[in-house]
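The values are calculated or read from the model by the stated rules, or taken from the named source; none is laboratory data. Just so it is clear, the structure is predicted and the values come from calculations on it, not from any experiment. Virtual Cβ from ideal backbone geometry, glycine too; neighbours counted across all protein chains shown.
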Amino acid sequence: MARAALIMAALAMLATATASRAQQQELPVNSIVDGVFVHNGQTAQMTRENGGAIANVGFIVGEDAVAVIDTGGSLREGRQLMAAIRARTGKPIRYVINTHGHPDHVFGNGAFVQNGTTFVGHANLPRALAARGQFYLDAFRRTMGDQLIDEIRIVPPTLLVSGSLNLDLGARTLVLRAWPAAHSDCDLTVLDEKTGTLFAGDLVFLAHTPVLDGSIRGWLGVLGELGALPAQRVVPGHGPVSGWPAALADERRYLQTLASDVRGLVTSGKPITAAGTAAGSERSRWELFDDFNTRNATAAFSEIEWE
Amino acid sequence: MPGSLFRLSVVAGLFLFGAPPARAAEANDPWPGLVQDIFNNRPMNDGSDVIAVEMPSRAEDAAIVPVTLRTKLSPGDSRQVLSITLVIDQNPAPMAAKFQLGPDAKVSEISTRVRVNNYTDVHAVAELSDGKLYMTKTYVKASGGCSAPAAKNADEAKGRLGQMRYRQFGRAGEGSASGAREAQIMIGHPNNSGLQMDQVTQLYVPAFFVNELRLWQDDSLVLTMEGGISISEDPNIRFTYVSNGAKTFRAEAKDTEGHVFQREWKIDDSGI
């Protein structure tokens, strides 16, 4: 009797554990257009509670194979993305493409390491991950906790893009494009020609305050060419899937305002400690403004003072 | 010798690199060890009336955290500030910079930008002409998000190597009458920390930074800085000093690869 009860209890625990894992296992994704799936990240900082799932990540399914575009902010999110893919297709994952090196886009890479999967990134991405990877792991341990961070591995790309590169998924061509320093110094975009869907990574922000970690002048400089890409819609790095190129308007205005205000501060001899006053007129238009604007302005100041 | 201390700290940083600094910061206070390593265990006197160190309470951009050092001695005080050492306790190379103040330049304020890797105490230690050390400190929280104490645009950082800029600022209510000036020197340099591993060779990239900067008005020394990898890319020093009527301002910087960068500018007498 006692033994049967023990077995029953064990089974019950197992069932609970399995159920909760099953609930967690699949990352919620939307099919935004034929064969293109997107998880819309929360507009937030990476925390233990959200498991780092703050960026938009997705995948594209061709006749023969699948390409994953960004893997999320934890290995857990990467595994959940993998589960979401496997719930929809059994085709092999031929490519994992990282749009740049920030932790919310690459921390899930380790979930996709297997024979037959090639990691793809900007030619500068390995350098950025070498310089920052360990720092990111240490820094996010504080907000995400040991459990999420311990299992993360930094996986750099082996197929590197400078200029552009076409990837074939079988009757479906992805056009990858490496950009000069803008949001970061390793920004890569992915255009699905079949549906006119552009995965822009963090070259495009909507709702979430744009984050400057490359070059403000470079970023403003690429917006024209970026906006001319033949896309119908964009999957931004952060914010809702939107029409193209109208989706660029808010970001362009923010960056222009920031550059212009910072230029005014530099010209009038203000110190860098005054940078945070720049782009104050944008505060009501963005989420997480106080988390990122002073940082953006500080970075812009250190660049614009060399003009 | 201070030069070797910078290197020593860098080497120590390599060994500590893998340790999670979040916990290390809370577990033990590195300051007593730093007093031993950097200041030879000399007694630390309360410096709150001698010197101020100002930083934002939260580092916004980990790679560019503004810091201002200000002398607080009253005009009647017979003591002079000889040097100010800036220590960022939890950084891989804690000794960020040592500034020596020119004997006649009356430097009263120095602002620069540093990298901050972690939640950390930041100490400023002034050595006065009475032969004693005076310490004050502040506390900075590391930045959040994807900010990192690394290059944002590594190619551009290399491209600017050795460029130097001088700028003079007007100061409200002062100017040429009192002789007080505010000026800034910018040096294009990646100031690479070296704490990164080459993907192919699996070796650490060597550190490459400005380790010495000297500033003169004509032939009179205004300020020198011995710097380490905690100083931000493109070292930028803004300072207040008193003009001796010099017509030129001169800067000389050296880096760890033996480059010497020199430039001279005419001083604008208008004070703007």
>> Whether any residue in the range A:73-83 is closer than 26 Å to residue A:207 by Cα, of a type outside the set (S, T, N, Q) and surrounded by fewer than 21 Cβ atoms within 10 Å (Cβ to Cβ) is what I want to check.
In response: no
> Among the residues of the range A:159-181, which ones are surrounded by fewer than 20 Cβ atoms within 10 Å (Cβ to Cβ), closer than 22 Å to residue A:89 by Cβ and touching a Ser or Thr at 6+ places or on another chain (Cβ under 8 Å)?
Replying inline: A:159, A:166, A:175
>> Just to be sure I understand, how many residues within the range B:251-267 are on the phi < 0 side of the Ramachandran plot and surrounded by fewer than 15 Cβ atoms within 10 Å (Cβ to Cβ)?
In response: 6
> Which of the residues spanning the range B:159-186 are at pLDDT below 85 and either surrounded by 21 or more Cβ atoms within 10 Å (Cβ to Cβ) or more than 8 Å from every other protein chain (Cβ to nearest Cβ) (or both)?
Replying inline: B:171, B:172, B:173, B:174, B:175, B:176, B:177, B:178, B:179
>> Anything in the range A:252-273 that is touching a helix residue (DSSP H, G or I) at 6+ places or on another chain (Cβ under 8 Å), among the β-branched types (Val, Ile, Thr) and within 14 Å of another protein chain (Cβ to nearest Cβ)? List them, or say none.
In response: A:262, A:266, A:272
> Is it fair to say residue A:200 is among the aliphatic types (A, V, I, L, M), without any contact (Cβ under 8 Å) to a residue 40 or more places away in the chain and surrounded by 20 or more Cβ atoms within 10 Å (Cβ to Cβ)?
Replying inline: no
> Do you know which of the residues in the range A:274-307 that are without any contact (Cβ under 8 Å) to a residue 24 or more places away in the chain, hydroxyl-bearing (Ser, Thr, Tyr) and in contact with a helix residue (DSSP H, G or I) (Cβ under 9 Å, 6 or more places away or on another chain) is nearest to the other protein chains (Cβ to nearest Cβ)?
Replying inline: A:294
>> I'm checking my understanding of the structure. Among residues of the range A:229-251 that are crowded, with 17+ Cβ neighbours inside 10 Å and in a helix (DSSP H, G or I), which one is nearest to the other protein chains (Cβ to nearest Cβ)?
In response: A:251
>> I'd like to verify a number: residues in the range B:216-250 that are surrounded by 24 or more Cβ atoms within 10 Å (Cβ to Cβ) and without any contact (Cβ under 8 Å) to a residue 24 or more places away in the chain, how many?
In response: 0
>> Would you confirm, using the coordinates I've provided, whether residue B:243 is over 22 Å from residue B:122 (Cβ atoms), away from chain A (no Cβ under 14 Å) and at pLDDT 95 or above?
In response: no
> Which members of the range A:84-129 meet the condition of being among the hydrophobic types (A, V, I, L, M, F, W, C), over 13 Å from the mean Cα position of the chain (by Cα), surrounded by 19 or more Cβ atoms within 10 Å (Cβ to Cβ) and within 14 Å of another protein chain (Cβ to nearest Cβ)?
Replying inline: A:119, A:125, A:128, A:129
>> With the requirement that a residue be closer than 26 Å to residue A:178 by Cα and either out of contact with any helix residue (DSSP H, G or I) (no Cβ under 7 Å at 6 or more places or on another chain) or surrounded by fewer than 19 Cβ atoms within 10 Å (Cβ to Cβ) (or both), what does the range A:130-158 give you?
In response: A:130, A:131, A:132, A:133, A:134, A:135, A:153, A:154, A:158
>> I want to confirm something. Restricting to the range A:60-72 and keeping residues that are among the small types (Gly, Ala, Ser) and surrounded by fewer than 24 Cβ atoms within 10 Å (Cβ to Cβ), which single residue is farthest from residue A:157 (Cα to Cα)?
In response: A:62
> Quick check: anything in the range B:98-114 buried (at least 24 other Cβ atoms within 10 Å of the Cβ) and modelled with pLDDT under 95?
Replying inline: no
> Here are A:33, A:38, A:29, A:57: which of them is in contact (Cβ under 8 Å) with a residue 12 or more places away in the chain, buried (at least 24 other Cβ atoms within 10 Å of the Cβ) and aliphatic (A, V, I, L, M)?
Replying inline: A:57
> Only one residue in B:127, B:156 is free of Cβ contacts under 8 Å to residues at least 60 places away in the same chain and closer than 25 Å to residue B:63 by Cα, so which one is that?
Replying inline: B:156
> How do the pairs read when you match residues in the range A:86-100 that are more than 30 Å from residue A:184 (Cβ to Cβ) and free of Cβ contacts under 8 Å to residues at least 40 places away in the same chain with residues anywhere that are acidic (Asp, Glu) and in a loop (DSSP other than H, G, I, E, B), using Cβ under 8 Å and keeping only pairs 6 or more apart or on different chains?
Replying inline: A:91/A:64
